[in-house]
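The values are calculated or read from the model by the stated rules, or taken from the named source; none is laboratory data. Everything numeric here is computed off the predicted structure, so don't read it as measured data. Note that each Cβ is placed from the backbone with ideal geometry, even for glycine, and that neighbours are counted across all protein chains shown. All accessible areas refer to the heavy atoms of the entire protein, side chains included, with ligands and DNA or RNA removed. Shrake-Rupley method; radii C 1.70, N 1.55, O 1.52, S 1.80 Å.
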Amino acid sequence: MPSAAPKSHVYAVAACILRGNKVLLIDGRYGTAVPGGKKERGETAEDALGREVREETGLRVRKIVRFLYTDVKESYTADLYHVECEDGEPVA
C-alpha cells in the first residue's frame, strides 16, 4: 500500500489584542483562542494579521506592537504578535 503524501507545512499568525487588562479571545474551531489563522501564499505576516483580525473580530489592526513568540511543530509554525486595533467593539 503506498504511503500517504506528506501534508505541507502551515505558517500561521495570531494576534494578542489587549483591552485594559483583558485579552481578546474568540470561539475558534478548536476552542477558545486569540484571533489568527493561516497565512495565504505570498502574504506577509502583517497582511495576514490584518486580514485574520478583521475576519474574526471586525476590528482593524492599527499597528503591530511587537513579536511575542513562535510555536514550531512538525506540521506548522505559528507566530504570535501583540497588536493594537482601532477603537471599536469586536463582533462575532
Tell me, please, whether a residue that is assigned to a loop (DSSP other than H, G, I, E, B), within 11 Å of the chain's Cα centre (by Cα) and in contact (Cβ under 8 Å) with a residue 40 or more places away in the chain can be found in segment 4-20.
no
Sole miss for VAL10 among (1) crowded, with 18+ Cβ neighbours inside 10 Å; (2) in contact with a Lys or Arg (Cβ under 7 Å, 6 or more places away or on another chain) is condition (1)
Is there a residue being of a type outside the set (D, E, K, R), more than 12 Å from the chain's Cα centre (by Cα) and assigned to a loop (DSSP other than H, G, I, E, B) anywhere in segment 60-74?
no
Filter segment 39-60 for residues that are open to solvent by 70 Å² or more (accessible area, probe 1.4 Å), touching a residue at least 12 places away in the same chain (Cβ under 8 Å) and within 21 Å of HIS9 (Cα to Cα) and give the result.
LYS39, GLU46
Among the residues of segment 65-87, is any touching a residue at least 12 places away in the same chain (Cβ under 8 Å) and out of contact with any strand residue (DSSP E or B) (no Cβ under 7 Å at 6 or more places or on another chain)?
no
Enumeration of residues in segment 38-50 that are outside any loop (DSSP other than H, G, I, E, B) and either hydrophobic (A, V, I, L, M, F, W, C) or over 19 Å from ASP27 (Cβ atoms) (or both)
ALA45, GLU46, ASP47, ALA48, LEU49, GLY50
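Condition check ((1) open to solvent by 60 Å² or more (accessible area, probe 1.4 Å); (2) in contact with a helix residue (DSSP H, G or I) (Cβ under 6 Å, 6 or more places away or on another chain)) across all residues:
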position: LEU24; (1), (2): no, no
position: GLY37; (1), (2): no, yes
position: ARG62; (1), (2): yes, no
position: VAL72; (1), (2): yes, no
position: HIS82; (1), (2): no, no
position: PRO90; (1), (2): no, yes
